[in-house]
Amino acid sequence: MAITQQWWKEAVIYQIYPRSFKDSNGDGIGDLRGIIEKLDYLKSLGVDVLWLSPIYQSPNDDNGYDISDYYNIMTDFGTMDDFNEMLEGIHQRGMKLLMDLVVNHSSDEHKWFTESRKSKDNPYRDYYYWQPPKADGSKPTNWKSFFGGDAWDYDEQTGEYYLHLFTKKQPDLNWENPKVRQEVYKIIRYWLDKGVDGFRMDVIPFISKRLPFEDVDSNRGFNDVVINTYANGPRLHEFLQEMVRESINQYDVMTVGEGIGVTPQNGLLYVGEDRGELNMVFHFEHMFINQGKGGKFDIVDFQLTDLKQGFSIWDEALGEKGWVNIYLDNHDFPRMVSRFGNDGKYHTESAKLLATLLLTLRGTPCIYQGSEIGMTNVAFPSIEDYRDVETLNFYEEAKERGEDMEAFLKAVHIQGRDNVRTPVQWSNELNAGFTTGTPWIKANPNYPKINAEAVLKNTNSIWHYYQQMLQFRKTHLDVLVYGDYEVIDEANQKVYAYKRSIKGKTMIVVLNFTSEHIAFEAPYEVDELQYLKGNYKGKIEGEEGTVLDLRPWEARVYLSKV
Ligand code: ISL
Ligand code: CA
């Protein structure tokens, strides 16, 4: 079977975290009018689709991933008129809009939940998972929440526990209840009728639960629990197919599932083109490579081969039958240049190298806001500067266990989600030009050096490299979107190299992931390779035979002449 052509395979997504993108009215919080201000900026960068993290009404326990009203815009972000204007502005510029659909759980302040908790016979009771205490009075199961503590919370009012895989203000919706499913399809149709172009679906593999609820073996690692207990429940694919049939299918739109718990073994069940479920998933293979058994803040070393493998096993597993999204960071994981590159001496080179990787692998790329200007992780000196509920909850737990809090803060500097949530650095003015007021979270103090104004002025900057690479990708859509992917010298711990090929056209991408000069043995003679693009200026001279003399963090893209 040949790979099918689809607009959403050819598109490049840009993720906006609205709270941190641009504040238009000086209240310190990014908003929709701030996005409107920057639409020309995004258009000139050359991206096709904007994905907005949730913009619905929310008490913001988890920055909008806890929704209290799916039909209205968060007051902090603006009004429905602002939304309409933004959508029109996006479409006028030939771009598309993806909304974030968060329907594994709602906010505990959603009317469904405030009703549900009132009494056991409330009509909304079965919108959520309620369980009585065990005979000995304890919690229904030993499940842990993603953000610390137990996944069950006791509610005095009716003497039962409710399930929340995330914070206790994010109760899990009961998809077994057909009314819940119809509510979700109605929400989807509402936004699609307004003209949005698709959805990114939050923790979608979790919507079907394994019932009755049972304890998990506490010796199992967290990832194992995610895959085999929280995700991939028995009715998952039935639910997804029903959802698509009753909503998505009636529109020409795209869907991306947040594929936490999806594995190369079951991936095709989600994105196989014959399945009628999702267009693609964000897989997590390369996101968890530095996490030990203890989870997020238990940081372990990783090697370049782990990163390669993450992409290779997925490409192999799906082949031409399904599709993935390619990303190196997002609003939940550290800045890619700090994590996979070098945010010191080779900041520019390594940011450009990662852009090359992101835009030449097989899959729909997603650029997280600020990557195009080379934004980095932040190391705030005090826990007071942090805002993320995950970081704050784990901090409290570590403190209670009497851990070394300085070490904990260091782990936060490496792994915390606020690394990617500091304001986008627009200029060297106060607060990085993000707001004229007090920002809800401080700007990264490196903004006088790293900011959009500076990179826009410098034609040799990271920003212009992104712009060129996006254009380059469009020029070579055939091979870069649809071509096969084959790793070269898989075991190499310093260089990530691969071929992309289609119908006799082959591109070779060579990426030096170190701060040293590396002699790389290519599977071609140097004069069989036509140099097309790279992150160093000037001619490459004096290379002979099959050895490429790569400079620190050098990225090259070649066309094979043979
Ligand atoms: O960020 C993580 C843990 O550090 C991830 O494991 C994350 O919890 C997981 O990817 C689910 O993320 C999504 O759902 C969460 C929300 O907080 C995240 O921002 C969102 O991307 C709950 O809605
Ligand atoms: Ca604002």
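Can you tell me which residue is nearest to the chain's Cα centre (by Cα) among those in the range 89-100 that are open to solvent by 10 Å² or more (accessible area, probe 1.4 Å) and touching a residue at least 12 places away in the same chain (Cβ under 8 Å)? Result: 96. From the list 181, 200, the one residue that fits, being open to solvent by 10 Å² or more (accessible area, probe 1.4 Å) and either under 23 Å from residue 388 (Cβ atoms) or outside any loop (DSSP other than H, G, I, E, B) (or both), is 181.
Residue 310 passes every criterion in (1) more than 16 Å from ligand 1 (Cβ to nearest atom); (2) on the phi < 0 side of the Ramachandran plot apart from (1). What do you reckon, is residue 244 under 25 Å from the mean Cα position of the chain (by Cα), away from ligand 2 (no atom under 16 Å from the Cβ) and within 23 Å of residue 71 (Cα to Cα)? Here the answer is yes, as residue 244 does meet what is asked.
Criterion applied to 336, 254 was being crowded, with 22+ Cβ neighbours inside 10 Å and farther than 30 Å from residue 378 by Cα, and the one residue passing it is 254. Residues in the range 137-161 that are among the aromatic types (Phe, Trp, Tyr) and either within 16 Å of ligand 1 (Cβ to nearest atom) or open to solvent by 30 Å² or more (accessible area, probe 1.4 Å) (or both): 4 in all. Of the residues contained in the range 81-88, one or more are found to be surrounded by 15 or more Cβ atoms within 10 Å (Cβ to Cβ) and away from ligand 2 (no atom under 16 Å from the Cβ). When restricted to residues that are within 21 Å of residue 358 (Cα to Cα) and either hydrophobic (A, V, I, L, M, F, W, C) or open to solvent by 60 Å² or more (accessible area, probe 1.4 Å) (or both), the range 533-550 contains 2. Right, residue 65: more than 16 Å from ligand 1 (Cβ to nearest atom) and either among the aromatic types (Phe, Trp, Tyr) or at pLDDT below 95 (or both) or not? No; evaluated as a whole, the condition is false for this residue.
When the residues of the range 270-292 are narrowed to those that are surrounded by fewer than 16 Cβ atoms within 10 Å (Cβ to Cβ) and over 21 Å from residue 329 (Cα atoms), which ends up farthest from ligand 2 (Cβ to nearest atom)? The selected residue is 274.
Is it the case that the range 115-124 has a residue that's within 16 Å of ligand 1 (Cβ to nearest atom), of a type outside the set (Lys, Arg) and open to solvent by less than 10 Å² (accessible area, probe 1.4 Å)? The answer is no, given that none of the residues of the range 115-124 is within 16 Å of ligand 1 (Cβ to nearest atom), of a type outside the set (Lys, Arg) and open to solvent by less than 10 Å² (accessible area, probe 1.4 Å).
The values are calculated or read from the model by the stated rules, or taken from the named source; none is laboratory data. This structure is a prediction, so every number in the text was calculated from the model and none was measured. Ideal geometry is used to build each Cβ from the backbone, glycine not excepted, and the neighbour counts take in all protein chains shown. Surface areas here come from the heavy atoms of the whole protein model, side chains and all, with no ligands, DNA or RNA. Shrake-Rupley method; radii C 1.70, N 1.55, O 1.52, S 1.80 Å.
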